[in-house]
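Undergrad: Here it is, the structure, as structure tokens.
Rule-based calculations on the coordinates, nothing more; no lab input. Not measured: the values here are computed from a predicted model. Because the Cβ atoms are built from the backbone with ideal geometry, glycine has one as well, and the counts that use them run over all protein chains shown.
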Amino acid sequence: MGIIIVLAIAGGIIYLIVTTNSRSEARGKWLYDDYQKALASDNKGHASLAGRAYYAYLRKGLPTLQDEQALLDDIAAMH
């Protein structure tokens, strides 16, 4: 009986880890796609916000100075 409980708890933990990783990857893809769409538009404000959100996701916090420079370069290259 004890082994069943341990296996059930372990299975639940594994399920949560896999589900969380899938959601995180989906969020990253969505942020990347949103950033690319914003760059393709003429809305530099949206591109700036979307880019910062994407880079913050990549860095698990705040964008780095290199990220900020890449963002400025991307926005400067917008049409």
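Undergrad: Between T64 and S48, what is the label-to-label distance in nm when each label sits 7 Å out along the Cα-to-Cβ direction?
TA: Here the modelled spin labels are 2.3 nm apart.
Undergrad: Pull out the extension gain between A56 and I9, defined as 0.36 nm times the separation in residues minus the alpha carbon to alpha carbon distance; nm, one decimal. If you can, show how the numbers build up before the last one.
TA: Numbers: separation 47, 0.36 × 47 = 16.92 nm, distance 3.29 nm.
That works out to 13.6 nm of additional length.
Undergrad: Provide the FRET efficiency to the nearest 0.05 for the A26-A76 pair, computing r from the beta carbons and using R0 = 25 Å.
TA: 0.25
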